[in-house]
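The values are calculated or read from the model by the stated rules, or taken from the named source; none is laboratory data. None of these values were measured; they are calculated from a predicted model. Cβ placement follows ideal geometry from the backbone for every residue including glycine, while neighbour counts extend to all protein chains displayed.
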Amino acid sequence: MRFPRTKNIYCILILALLIASTGLTACAKKMGRLQTTQDVRVISNVVYYEGKSKDAFRHKLDIYLPRSGKNWPTVVLVHGGAWVTGGKNLVGNVAYALAENGVACVSINYRLTPRVKHPEHAKDVARAVAWTQKNLGQYGADAKTLFLAGHSAGAHLASLVGLDGKYLKKYNIDNRRLAGVIAISGVYEINHKVFEPVFSEDRKIWREASPINYVKRTSPPFLVFFAENDMNIHISLIEQAEDFYEELEKTGVDARIKEIRRTNHNSIIGQIGKRQSATLDTMLDFIDEHS
């Protein structure tokens with residue numbers, strides 16, 4: 001797939017987010033424990049979609065389950081990487097931390113640009129959500145109490161699927177019935193040409209791809225995180241978070257926002273995935289309140 005008119009922008013986007021993803025990968029290697037422990041059971045590389053355009057690598061997910069209890073609330077976790085790079089292991093630390101605290105977690109892969117463009121990434125997230133709601137009950141989880149969570153591009157996708165009902169409607173799932181959405185350092189309005197490689201040059205598609213345009217009074221609850229030193233390449237992710245939260249609050253959605261001090265766009269995901277952190281506690285409190 002070629003992007004002749006945006007080649008330089010595309011390269012800049014790739015390089016900028018590869019730098020970010022390198023930090024995330026290092027964090028995942030340090031914090032993410034991808035082996036079964038006495039507290040967490042991990043089931044890796046489960047296929048969640050086998051239909052048309054299936055991808056043998058990208059249509060897979062990992063399941064993280066607490067070792068004790070049952071009927072745990074469930075989180076579908078979406079990795080970042082600017083829609084062009086990354087994988088489910090990048091948020092393995094967060095999945096482990098959640099499972100260690102009594103929350104079932106599903107960390108997913110999805111297809112990436114340049115192989116696909118919007119809305120295919122969001123369609124994959126919806127497929128994974130549908131698979132989770134249908135199947136995770138057999139593992140002991142309460143798949144009806146289902147949260148979406150994501151970091152960076154994953155926060156955009158979790159928010160879009162959580163707010164624009166058309167993605168889940170295909171699977172007879174009402175997005176308004178989601179227990180909540182946790183968005184970490186995300187993009188909520190597609191409003192700069194740097195996004196063209198993923199969302200095309202069509203401003204109508206930009207509007208359709210922007211979660212902020214789908215906020216309604218009946219939207220699910222939101223927890224919005226941003227880093228004190230978050231990414232500021234072409235756009236400010238702090239401003240994106242603040243504007244998104246203001247729209248949620250103004251519309252009457254149950255929403256809260258939290259700045260994570262002494263973190264940047266990469267390290268925030270490591271902070272959330274620590275076994276003991278006030279940030280993880282905030283996330284767990286939100287899940288507990290809305291379960």
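What to note about this one:
- If you go through segment 104-133 and pick out every residue that is among the aromatic types (Phe, Trp, Tyr) and in a loop (DSSP other than H, G, I, E, B), you end up with 1.
- Meets criteria (assigned to a helix (DSSP H, G or I) and without any contact (Cβ under 8 Å) to a residue 40 or more places away in the chain) for ASN172: no
- Residue count for segment 219-228 under the criterion of being surrounded by 20 or more Cβ atoms within 10 Å (Cβ to Cβ) and not in a loop (DSSP other than H, G, I, E, B): the result is 6.
- When segment 132-141 is limited to residues that are touching a residue at least 12 places away in the same chain (Cβ under 8 Å) and over 18 Å from GLY154 (Cα atoms), the one that is surrounded by the most Cβ atoms within 10 Å (Cβ to Cβ) turns out to be ALA141.
- Exactly one residue among GLN133, GLN138 is farther than 28 Å from GLN276 by Cα, among the polar types (S, T, N, Q) and out of contact with any Phe, Trp or Tyr (no Cβ under 9 Å at 6 or more places or on another chain), and that residue is GLN138.
Yes or no, residue by residue, for (1) at pLDDT below 95; (2) touching a helix residue (DSSP H, G or I) at 6+ places or on another chain (Cβ under 8 Å); (3) surrounded by fewer than 19 Cβ atoms within 10 Å (Cβ to Cβ):
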position	(1), (2), (3)
VAL47	no, no, yes
ASP55	no, no, yes
ILE63	no, yes, no
PRO66	no, yes, no
TRP72	no, no, no
GLY81	no, yes, no
THR85	no, yes, no
ASN109	no, yes, no
ARG127	no, no, no
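- Filter result for VAL116 (among the aliphatic types (A, V, I, L, M), under 23 Å from SER210 (Cα atoms) and without any contact (Cβ under 8 Å) to a residue 24 or more places away in the chain): yes
- Criterion: part of a loop (DSSP other than H, G, I, E, B), at pLDDT 95 or above and farther than 20 Å from VAL75 by Cβ - qualifying residue of LYS216, LYS204: LYS216
- Exclusive hit being farther than 25 Å from ASP164 by Cα and in a helix (DSSP H, G or I), set ILE268, ILE260: ILE268
- Residues in segment 224-256 that are touching a helix residue (DSSP H, G or I) at 6+ places or on another chain (Cβ under 6 Å) and within 11 Å of SER185 (Cα to Cα): 5 in all.
- Only residues that are more than 29 Å from TYR188 (Cα to Cα) and part of a strand (DSSP E or B) were counted across segment 134-153, and they come to 1.
- Residue in segment 188-198 that is on the phi < 0 side of the Ramachandran plot, surrounded by fewer than 18 Cβ atoms within 10 Å (Cβ to Cβ) and out of contact with any His (no Cβ under 6 Å at 6 or more places or on another chain) present: yes
- Matching entry among HIS234, HIS265 (being surrounded by fewer than 16 Cβ atoms within 10 Å (Cβ to Cβ) and not charged (D, E, K, R)): HIS234
- Residues being touching a helix residue (DSSP H, G or I) at 6+ places or on another chain (Cβ under 8 Å) and in a loop (DSSP other than H, G, I, E, B) - total across segment 178-199: 9
- Of the numbered criteria (1) within 28 Å of LYS274 (Cβ to Cβ); (2) out of contact with any helix residue (DSSP H, G or I) (no Cβ under 6 Å at 6 or more places or on another chain); (3) in a helix (DSSP H, G or I), the one LEU90 fails is (2).
- Count - residues of segment 271-287 that are surrounded by fewer than 20 Cβ atoms within 10 Å (Cβ to Cβ), out of contact with any Lys or Arg (no Cβ under 8 Å at 6 or more places or on another chain), part of a helix (DSSP H, G or I) and touching a residue at least 12 places away in the same chain (Cβ under 8 Å): 1
- Given (1) of a type outside the set (Val, Ile, Thr); (2) part of a helix (DSSP H, G or I); (3) within 26 Å of ALA104 (Cβ to Cβ), number of the condition ASP243 does not satisfy: (3)
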